[in-house]
1. Share of Cα-Cα pairs in region 56-128 beyond 13 Å, in percent?
2. Could you work out the mean projected area of the convex hull around the alpha carbons of region 1-137, in square nanometres to one decimal?
3. For region 28-71, which trypsin sites (Lys or Arg not before Pro) are in a loop by DSSP, counting at most 16 other Cβ atoms within 10 Å?
4. Counting only residues 5 or more places away or on other chains, whose amide H sits under 5 Å from the amide H of Tyr135 once H atoms are built in the peptide plane?
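Please treat every number below as a calculation from the coordinates, not as lab data. Since this is a predicted model, take the numbers as computed values, not measurements. Reconstructed Cβ throughout: ideal geometry from the backbone, glycine too, with neighbour counts over all protein chains shown.
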Amino acid sequence: MLSFSDPRVRAFLAEGTRTGKLSYTSASGQPLVVPVWFVLDGDDLLISTMAARGKALAVQRNPKVSLCILDEQWPLTYLQVYGDATLEEDFGQAVDVLRRVIDLMAEKDVTSAKLPEIERMAREENRVVIRVRPYATFATPPRHVYQAGDIDTLTHFTSSSQPW
């Protein structure tokens, strides 16, 4: 059983640059998927966004979301996280999450000297945080064809969600 406490899951979520595809339902009922950067806060995933953006509005309408996190290295592996999302409007937290995301984007600490600019940006853009509290997961190990002989051992099977 795959759970958040599994060291492989923790390592997958915490190492390197972390992006995912956030899935939610629009006001018209359409399913939407948008790319997001996220950071960890204990067992939760935090996403910085503007309060007026669709994903923030969607979370207020319906807290059920999913986040598909793809490995950024080949071979393709992914973790699907199902969670309940809340919108958090604490300004200090919004600044901190935005700062952490910017550092991830740059792959180094670039924000220490730029904190006043990040605070200004968070204020002007009315930044908030989407907190995703996972309750289940689905993962797939990589299965690939690198050469013709790999087809002989290539397997596919079905699986089911596991509790987080």
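1. Beyond 13 Å sits 73 percent of the P(r) for region 56-128.
2. Numbers: hull surface 34.4 nm².
Taking the Cα atoms of region 1-137, their convex hull projects to 8.6 nm² on average.
3. Here the trypsin sites (Lys or Arg not before Pro) that fit, given the DSSP loop and packing criteria, are Arg53.
4. Residues meeting the amide H criterion: Tyr82, Gly83, Asp84.
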